[in-house]
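See structure below.
The values are calculated or read from the model by the stated rules, or taken from the named source; none is laboratory data. Just so you know, these numbers come straight off a predicted model, no measurement behind them. Counting neighbours? That spans all protein chains shown, and the Cβs are built from the backbone with ideal geometry, glycine included.
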Amino acid sequence: MKDEVAAQVGNDGFVVAQPQPRSSGTVFLGAAAPRLAARSGVIAKPASYTVREGEYEAAPYVIDARQPTGAGHIISRIDRIALGLESKAGYKIFDQLYVTAPANTTSHVGDELVLARNGGEIADQGIVVQPTGVMRIDSIGAKGILIGTIVRQFMAIHADEWTVPYDGSFTPTTVRPVTGDYATAGKLRWIASAPELPSIQTYVVLQTANMGTVHTGDRFAVYDSPVERVEGDVQPLSTATVQVVRVTPFGVTGMIIDHTSPQVAKGMMVRQTAKMP
């Protein structure tokens, strides 16, 4: 390899020293040598968050089906699209919308609202609120009509979707969950978009007996019981790993972060395998 393209690369993938040109004589680096040697300790990838803020913002979550949602709704786009195409095209990032505010909230210019859709009801558990984007309030008009701009988009946004309060309580952390033998177990009850074969980064909702002990960052294994039984006990097979990204009193939302089999379906058993300290 030519000297001019050969560089010393550290374990983290960053160049830590540039090559010196060949010379028949002795090269004295002087004060530069310690700086080059120390650079590998200075340049390093920052530790990644266990759950990222965007994963939390976009995560579906479960609310009480017995109580009114209190959600506002999208009225329309400010700039109308000709030929009646608005309902099919939907809205995109930086579009400006007319919306109503969620009930029992006070709106201020600069505040953010979550745009969301009804993700369906989970029997004996609650209603799934599925965020589609985030809107910044730009102005407040008469009769509580708000004008805002879509500043983040998670999926397609359409007319008549909800507006719900923005939850700013999430604090990212680099702390990792501790693997162990935990008693918390339950079932997988809901899968975003209901795919036949859920892939990595698909959101799911779990139901556990003691949801109050589950926290963002915890991990669960999804188990598939064998269909064909043989003599004796057959241990269920772990098919996927789910990391918890959001928790409410009515459901645990997780994201599939790994799987050994594409078989992930509603009704499967889940068990906690790692817990945040």
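Here are the numbers for this structure:
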| quantity | calculated |
| --- | --- |
| Yes/no for residue 107 being crowded, with 16+ Cβ neighbours inside 10 Å, in a loop (DSSP other than H, G, I, E, B) and of a type in the set (S, T, N, Q) | yes |
| Selection status of residue 132, under 30 Å from residue 215 (Cα atoms), exposed (fewer than 14 other Cβ atoms within 10 Å of the Cβ) and hydroxyl-bearing (Ser, Thr, Tyr) | no |
| Odd one out for residue 124 among (1) surrounded by 13 or more Cβ atoms within 10 Å (Cβ to Cβ); (2) under 20 Å from residue 206 (Cβ atoms); (3) at pLDDT below 95 | (1) |
| Residues being buried (at least 18 other Cβ atoms within 10 Å of the Cβ) and either within 11 Å of residue 200 (Cβ to Cβ) or among the charged types (D, E, K, R) (or both) - total across segment 248-270 | 4 |
| Counted residues, segment 135-166 - those being surrounded by 17 or more Cβ atoms within 10 Å (Cβ to Cβ) and part of a helix (DSSP H, G or I) | 0 |
